[in-house]
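Written below as structure tokens is the structure these notes are about.
We did not get these values from a lab; they are worked out from the coordinates using the rules stated. As the structure is a computational prediction, the values presented were derived from the model and not from experiment. Cβ atoms come from the backbone with ideal geometry, glycine included; neighbour counts cover every protein chain shown.
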Amino acid sequence: MKGFDPAESFGPDVARRYDEGAVRGDEQDASRFLAEVAGPGRALEFAIGTGRIALPLTERGVEVAGIELSPDMVNRLRSKPGGSAIDVTPGDMSSVVVPGTFSLVYLVFNTIFNLLTQDDQVRCFENAARHLADDGAFVVEAAVPGAWTKEYEYVRPEQVAMDSVVFDICRYDPVTQLLEENHVRLSGEGIRFGPIVCRLIWPSEMDLMARIAGLRLAERWGGWNNEPFTADSTMHVSVYRRQ
Ligand SMILES: C[S@@+](CC[C@H](N)C(=O)[O-])C[C@H]1O[C@@H](n2cnc3c(N)ncnc32)[C@H](O)[C@@H]1O
């Protein structure tokens with residue numbers, strides 16, 4: 001998408017509305033799963049955002065730190081109860097180094113896709129490995145591309161109301177694996193655009209990225225409640241540990 005800048009895709013408007021639109025309802029299940037993996041150790045969230053998962057995880061007694069590209073998302077985190085106690089390092093999760101090691105590094109809500117090249121995604125796995133204690137785990141949660149990519153170009157209604165509509169306009173390029181998407185909202189207030197570009201990767205490509213980073217797949221689930229991962233799974237929760 002010409003002119004698209006990933007650093008600007010979670011700006012002040014998106015950050016202000018993020019917790020209305022993006023709360024998925026998996027926060028308790030995700031934080032329970034992640035707390036079990038972290039055990040008594042510390043956790044590091046790549047792309048911590050507004051703390052949607054980090055805050056419930058701290059409520060479960062886990063000390064959480066984060067890396068985040070968008071200052072606006074971090075400001076939103078800071079405005080929430082408990083948010084200012086979380087140590088967030090600004091920058092890119094594929095390169096920023098946080099002091100110390102962690103028993104859990106995690107990256108959820110498809111955010112590995114926000115890195116737009118294979119090299120950057122590999123670097124992200126390497127950066128996760130760099131931060132892991134010897135017995136630590138890197139947990140990645142992402143969609144299994146499939147339903148999205150069956151049709152390469154589509155328009156999908158997201159919300160239909162009397163006075164507004166929200167729809168998604170998408171185009172997928174199987175050569176680059178880039179999905180270009182714009183969430184468009186039409187209402188009496190005007191037209192609002194929400195552009196995003198993602199590089200979709202299948203679990204198999206992630207497993208190879210992990211191996212390049214010195215990690216191996218230890219567990220793969222179809223959801224946060226340890227659902228089996230099957231041919232019908234639309235998402236996966238993958239747990240990587242040192243080889
Ligand atoms: C879908 S949100 C997920 C936020 C949070 N993890 C959650 O589950 O709600 C994606 C987040 O990734 C951040 N992000 C995107 N690319 C990043 C990068 N290269 N390094 C660090 N953060 C990044 C965005 O600013 C945004 O806060």
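A simple spin-label model places the labels of S204 and D5 3.8 nm from each other, with each point 7 Å out along Cα-to-Cβ.
Of all DSSP beta bridges confined to the chain, the antiparallel ones make up roughly 70%. If the segment from L186 to K80 were pulled out straight at 0.36 nm per residue, it would be longer than the present Cα-Cα gap by 35.2 nm.
Residues F229, F193, F167, F138, ranked from the fewest to the most other C-beta atoms within 10 Å, line up as F193, F167, F229, F138. All other residues with a Cβ under 14 Å from the Cβ of D120 taken together, and with Lys, Arg as +1 and Asp, Glu as -1, what is their net charge? Net charge in that neighbourhood comes out at -2. Considering the chain, its Cα convex hull presents a mean projected area of 13.3 nm².
Shown is the FRET efficiency for Q159 and D134, computed with R0 = 45 Å from the Cβ-Cβ distance and rounded to the nearest 0.05: 0.45. Based on C-alpha pairs under 8 angstrom that are at least 6 apart in sequence, segment 106-157 has a relative contact order of 50 percent. Hydrodynamic radius of segment 131-243 by the Kirkwood approach over all distinct alpha-carbon pairs: 16.4 Å. Any chance you could check the Cα centroid distance between segment 1-46 and segment 64-140 for me, in angstrom? Cα centroid of segment 1-46 versus Cα centroid of segment 64-140: 10 Å apart.
Based on C-alpha pairs under 8 angstrom that are at least 6 apart in sequence, the chain has a relative contact order of 17 percent.
Taking only DSSP H segments of four or more residues, each worth -39500 (n - 2.57), what value at 222 nm results for the chain once the sum is divided by all its residues, to the nearest 500 deg cm²/dmol?
Values: 6 runs with 60 residues, N = 243.
The per-residue figure over the chain is -7000 deg cm²/dmol.
Suppose each label sits 7 Å from its Cα in the direction of the beta carbon; what would the A231-R16 distance come out to in nanometres? Roughly 4.8 nm, to one decimal.
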